[in-house]
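A short write-up of the structure that comes next.
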Protein chains: 2
Amino acid sequence: MDKIIHINIEDRLAVVQPGVIYAELDRALSPHGFFFPPDPASGSVCTLGGNVATNAGGIKGAKYGTTKDYVLTLEVVLPDGRILHTGSKCMKSVSGYDLTRLFVGSEGTIGVITKITFKINPKPPVTSTAMATFETLEDGGQAISEIMYSGIIPSALEFVDQQSLKAINENTDLGLPEVEIMLVAETDGYTKEETEFQMKTIMEIFRKNNATTVKHADESKGGAAALWAARKSAYGVMARINNNLIVEDLAVPMSKVPEMLRFISDLAKKYDLKIPTVGHAGDGNLHPVVSFDGTDPDQVGRVEDASEELFEKVIEMGGTLTGEHGIGLAKMPLCILSMMRSVWIS
Amino acid sequence: MDKIIHINIEDRLAVVQPGVIYAELDRALSPHGFFFPPDPASGSVCTLGGNVATNAGGIKGAKYGTTKDYVLTLEVVLPDGRILHTGSKCMKSVSGYDLTRLFVGSEGTIGVITKITFKINPKPPVTSTAMATFETLEDGGQAISEIMYSGIIPSALEFVDQQSLKAINENTDLGLPEVEIMLVAETDGYTKEETEFQMKTIMEIFRKNNATTVKHADESKGGAAALWAARKSAYGVMARINNNLIVEDLAVPMSKVPEMLRFISDLAKKYDLKIPTVGHAGDGNLHPVVSFDGTDPDQVGRVEDASEELFEKVIEMGGTLTGEHGIGLAKMPLCILSMMRSVWIS
């Protein structure tokens, strides 16, 4: 079984074999007050080798980046059997071409990763959490933009759309307001003054933009966990809507999140599908979840047509086909098409 | 003349032509409360295209990374004249191979960069600064390691060695204690509580490790600028020691900074050279400054021999030939040799 080879706090790095589960590394770093920030939602089951191969992200992307920002060295077996060592264990190195990043996100197409050195981070010990609901996507979107202008980068800024809120209410007793968009924000730091200063700024922006509810985590009422309940229950609930579900993944420039959500909502109506959407407002990464009955050829056809239209729009808006899940087999034709159109000018 | 094409705060990016000076972008971002963090020491004269071509770093590397961590897209003219567009303006994208990073740090060898999109950051408005001196490299080194264990990442953690302190005292009236190592630390945040909490932790570590002086910036006595004076005057002073000077650049794992400084000090004695050293303790990036008379063939020979011995040691210690200045022509033979030895196992 693959294992954590080495953790070195003073040099700020962890060396692992690729089969180690994300959560195992997290557990090993925790006693030192350190963490490996990408924090994918699948952390309890995903392997670190897979994280590197897909350049996995998570809810901390806006503040802490994704897997690519933490890979210092790789040992890779190339298709001809040779073993390649890339990168440096130093925090800074500009010696030679950056071959490490060529393998990060390459999904196993150019080599097999057999050892990884990650840069690790101290985990800020204090957090503050708040939730807000907005009647309209436009108000929520304006709040997201104003948070960026304010100079605060939340450690998480997540959203849940109206279709998701409806699905959650149908399957839980959370009794959420079925508004067009709900935002959940988290700030972090070393002191309560720091996290509350940031959160106060964010909550003022929520209120200024007509939030219908603004709740600050109150430890006597379940604290942050209560505010995260809607966002964290979303995928489980969506799996109950129909026989099949596709968790889509796309990203757009942050200011275009509301426009994209409006488009997805219209697309669901046009194709008579349910496409609840959740995601990361803080970095423009959206996960529309397409629910359908895979035994119904008509529904499958509508899903395919809707997907095609969705990704045409994503590209048109300057977005990307995948923010953190990867191309895989499903998006290969789209990826090739998109590259042919936009990568080469002449 | 090259120009800043576009600054977009809500999408957190700046699009520039490569000839724009680092400081010009900094001035344009400043009214928005944003900055482009790499902050190279040559910021007032270096171009952003050069920053990308060399993957430039600076004193904020430990906390904020280097240029590579901020390049979202590139427009590059390839040797055959074709124009390539790499990357995405989205904060997250894993669509296709990461060609952007292949060009970052490639020093113009595989294409000419003609347009860049940078991710930009809000600039934390509050900082705190402190300085400490240590009789021995070992005490200073232990303090650096303990800061890392404490979970604080200073926004800067710089050092000045004994030879540098002597050179500064000979050429200024700063009257510094000529100890083996001086450290200057800066913390940043949104509140004074946050920056002082971090700095208090750091100063306790300084004292615990036998610091002979610990000074906290006092605005009534010139504030942070007074504490930075030694570090910031170093290069100017060193240029006066002799006719020629080579500002070297190397990096080692952070825990090996004291061992490397001891080696450099012994090397200077062995070859009868002056090699004062300053650099970035927070990320293990050292700048030994070799002073010599370029009209004296004997001295030039000793400089060459000392350099060779220095970089043999760097590689042996798991270090890198260049942390932020690049390979250029001078280090090409070393780079090829080092790759032949360590990159390929079989």
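Counting only protein chains, not ligands or nucleic acids, how are B:Glu316, A:Glu324 ordered by accessible area (probe 1.4 Å), most first? If you can, show how the numbers build up before the last one.
Values: B:Glu316 140, A:Glu324 15 Å².
Listed by decreasing accessible area, they come as B:Glu316, A:Glu324.
Would you mind giving the mean number of other chain beta-carbons within 10 Å of the Cβ of each residue in B:96-104, as a whole number?
For this peptide, the per-residue mean of nearby foreign Cβ atoms is 6.
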**OP:** May I ask you to derive the relative contact order of chain B, considering only C-alpha pairs under 8 Å and at least 6 residues apart, and to give it as an integer percent?
**Re:** 16
Original post:
Is there a simple number for the mean count of other chain Cβ atoms within 10 Å of the Cβ of residues in B:250-262, and what is it?
Top reply: 3
Original post:
Where in segment A:243-271 does the amide nitrogen come within less than 19 Å of the point 7 Å from the Cα of A:Thr295, taken along Cα to Cβ?
Top reply: A:243-246
Subject >> Label point 7 Å beyond Cα along the C-beta direction, distances from A:Lys166 to other copies (nm, shortest first) >> reply: 7.9
**OP:** For A:Met340 paired with B:Lys208, estimate the spin-label separation in nm (one decimal), with each label point 7 Å from Cα along the Cα-to-Cβ line.
**Re:** 6.2
Original post:
Here are some pairs, A:Lys115/B:Lys256; A:Lys115/B:Lys270; A:Lys270/B:Lys115; which of them have Cα atoms lying more than 29 Å apart in this structure?
Top reply: A:Lys115/B:Lys270; A:Lys270/B:Lys115
**OP:** May I ask you to give the solvent-accessible area per residue for segment B:4-122, in square angstrom, as obtained with a 1.4 angstrom probe?
**Re:** 33
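Just the number, please: buried accessible area between B and A, total of both chains, 1.4 angstrom probe, nearest 100 square angstrom.
6500
Using 0.36 nm times the number of residues separating A:Met1 and A:Glu138, minus their current alpha carbon distance, what extension gain do you get?
Using 0.36 nm per residue and subtracting the Cα-Cα distance, I get 44.3 nm.
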Original post:
Do the sum for the protein assembly as shown: with -39,500 (n - 2.57) for every DSSP H run of n ≥ 4, divided by all residues, what is the mean residue ellipticity at 222 nm, to the nearest 500 deg cm²/dmol?
Top reply: -11000 deg cm²/dmol
Subject >> segment A:228-346 - charge dipole about Cα centre, Lys and Arg +1 at Cβ, Asp and Glu -1, debye rounded to 20 >> reply: 380
**OP:** Taking a label point 7 Å out from Cα toward Cβ, give me the nm distances from B:Met332 to the same spot in the other copies, shortest first, one decimal.
**Re:** 4.1
Original post:
Extension gain B:Lys200-B:Ala226, at 0.36 nm per residue separation less the Cα-Cα distance, in nm?
Top reply: 7.5 nm
Original post:
Along the Cα-to-Cβ line of A:Arg262, 7 Å from the Cα, sits a label point; which residues in segment A:166-180 have backbone N less than 19 Å from it?
Top reply: A:179-180
Original post:
What length, rounded to one decimal in nm, is gained on full extension from B:Cys46 through to B:Asp26, with 0.36 nm per residue of separation minus their alpha-carbon distance?
Top reply: 6.0 nm
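How much of the accessible area of the protein assembly as shown, in percent, comes from carbon and sulfur atoms when a 1.4 Å probe is used?
For the protein assembly as shown, the apolar C and S fraction of the accessible surface comes to 54 percent.
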Original post:
Counting pairs of alpha carbon atoms under 8 Å apart in space and at least six apart in sequence, what relative contact order in percent does segment B:4-122 give?
Top reply: 32
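When you look at the Cβ of every residue in A:194-202, what mean number of other chain Cβ atoms sits within 10 Å?
Averaged over the peptide's residues, the number is 3.
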**OP:** Taking a label point 7 Å out from Cα toward Cβ, give me the nm distances from A:Thr295 to the same spot in the other copies, shortest first, one decimal.
**Re:** 9.4
Original post:
Say the cut-off is 23 Å between C-alpha atoms; which of A:Lys68/B:Lys3; A:Lys119/A:Lys331; B:Lys192/B:Lys215 go over it?
Top reply: A:Lys68/B:Lys3; A:Lys119/A:Lys331
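The values are calculated or read from the model by the stated rules, or taken from the named source; none is laboratory data. Computed from a predicted structure; not experimentally measured. Cβ atoms come from the backbone with ideal geometry, glycine included; neighbour counts cover every protein chain shown. Surface accessibility is based on the protein's heavy atoms, side chains included, excluding ligands, DNA and RNA. Shrake-Rupley method; radii C 1.70, N 1.55, O 1.52, S 1.80 Å.
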